[in-house]
Amino acid sequence: MKVYELRNDDSCMEINYIDRKHELGSDFNGDIKGEIWTPTKVKTVSKKKYNDFPRLFPGVPIIKKYIKEVFEPYITNDVEFLPLFHDDFELYVLNITNVLDCVDWTRSDVRTYSDGEWADFNKLVFDFSKIPDDTYMFKIKETATVQVFVTDLFKSVVDEHKFKGLNFSVVYDSEFTQEKEEEQQRLYDAALEEIERNKGQEYSYEEARELVDQGEAMASGPWKMQLNKHGQFVQGELMKDLSYQWMIPAYIPPMLLLQSWHKVKKLEI
């Protein structure tokens, strides 16, 4: 069994709010919203190559009506379908309400703050005995506002109907051997070493942020920040599969404000 993080492809159609006063917010933490939901009006800001799963921000999947009709029989126990207003398409937010307590804390590699509080997962391992066999989509409470996880069941429906626009990044594979895990870690560590090698002048976060606004890309360990092709500030984290997970951050983690940054090659995103 495999668990994937649900992420949009970089070639997905992008949408945004018509009125920032009515933006969705970042509080999609698994709570039911149907009774208090007021549809927000959105617009297309970039058509791009794929439009089955329009991109807004991480942790809040957006789908078109025909995707809803296919998935509805399978995922009604895992999600709410919340409507959006768009001039050209019938769109829905997938509000994942299935929050599982399924982290294997004994095998996961946890990153903490200086006070010992949980900060993030360096490596996330699931206890599959706590994931029901009929699960398609779920969240965990620790990352509920920014991450959505899906199983092979979800992926098989996407593959069967040839839907486009999703990247299925394997978070954990029950058949992932220790040897494979060690090789993945070796490649990840090598990539981080390459980022840090010959990095030249270092900058504070405030200086680095000003350079980003001038068109530079800046890195600090696994973190990277730059402007996307629409001129929006984006922040990315290097994943174990050596791809970057990008987001338009609602806030900057305090630990990033204390790190030193250096110039790196800008990516096309």
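For the chain, the convex hull drawn through the C-alpha positions has a volume of 146 cubic angstrom per residue.
Rolling a 1.4 Å probe across the protein heavy atoms gives the stretch 114-269 an accessible surface of 56 Å² per residue.
Magnitude of the Cβ-charge dipole of the stretch 46-174, K/R +1 and D/E -1, about the Cα centre, nearest 20 debye?
That gives the stretch 46-174 a dipole magnitude of about 580 debye.
The phi torsions of the stretch 231-241, fed into the Karplus equation with coefficients 6.51, -1.76 and 1.60 and a -60° offset, translate into couplings of x, 8, 6, 10, 10, x, 10, 5, 8, 5, 7 Hz, rounded to whole numbers, with Gly and Pro shown as x. The stretch 59-119 and the stretch 240-269 have Cα centres spaced 23 Å apart.
Specify which residue in the list Gln185, Met137, Cys102 is farthest towards the positive end of the charge dipole of the chain, using unit charges on the beta carbon of Lys, Arg (+1) and Asp, Glu (-1), about the Cα centre. Farthest towards the positive pole: Met137.
Globularity index of the stretch 70-198 is 1.27 (Cα radius of gyration / 2.2 N^0.38 Å, N = number of residues).
Report the charge-dipole magnitude of the chain in Debye, nearest 20, computed about the Cα centre from +1 at each Lys and Arg Cβ and -1 at each Asp and Glu Cβ. Intermediate values should be presented prior to the final figure.
Values: 34 positive and 49 negative charges, 199 e Å.
So the magnitude is around 960 debye.
With the convex hull drawn around the C-alpha atoms of the stretch 170-255, the volume per residue stands at 120 Å³. Can you show me the helix-derived [θ] at 222 nm for the chain, built from DSSP H runs with n ≥ 4 at -39,500 (n - 2.57) apiece and divided by the number of residues, rounded to the nearest 500. The helix-only estimate for the chain comes to -6000 deg cm²/dmol at 222 nm.
Mind checking the full-extension length gain between Lys48 and Glu35? Use 0.36 nm per residue of separation minus the Cα-Cα distance, one decimal, nm. Present the calculation step by step, with values, prior to reporting the outcome.
Details: separation 13, 0.36 × 13 = 4.68 nm, distance 3.37 nm.
Gain on extension, Lys48 to Glu35, equals 1.3 nm.
Label the stretch 93-133 by shape, choosing from rounded, prolate and oblate, from the square roots a ≥ b ≥ c of the eigenvalues of the Cα gyration tensor; if a/c is under 1.5 it is rounded, and otherwise prolate applies when a/b is larger than b/c, oblate when it is not.
oblate
Distant-in-sequence amide contacts of Ala217, defined by a placed amide H-H separation under 5 Å and a gap of 5 or more residues or a different chain, comprise Val264, Lys266. In this Cβ point-charge picture (+1 for Lys and Arg, -1 for Asp and Glu), the stretch 100-177 has a dipole of about 280 debye about its Cα centre. For the stretch 1-114, the Kirkwood hydrodynamic radius comes to 15.7 Å, computed from all pairs of different C-alpha atoms.
A dipole drawn for the chain from +1 and -1 charges on Cβ atoms has a positive end, and of Val60, Phe154, Ser169 the residue lying farthest that way is Val60. Computed in the context of the full set of protein chains, the accessible area of the stretch 117-269 at 1.4 Å probe radius has 49% of its extent on carbon or sulfur.
The values are calculated or read from the model by the stated rules, or taken from the named source; none is laboratory data. This is a predicted model, so every value here is computed, not measured. Every residue, glycine as well, gets a Cβ built from its backbone with ideal geometry; the counts of neighbours run over all protein chains shown. Protein only, heavy atoms only, side chains kept; ligands, DNA and RNA dropped before computing areas. Shrake-Rupley method; radii C 1.70, N 1.55, O 1.52, S 1.80 Å.
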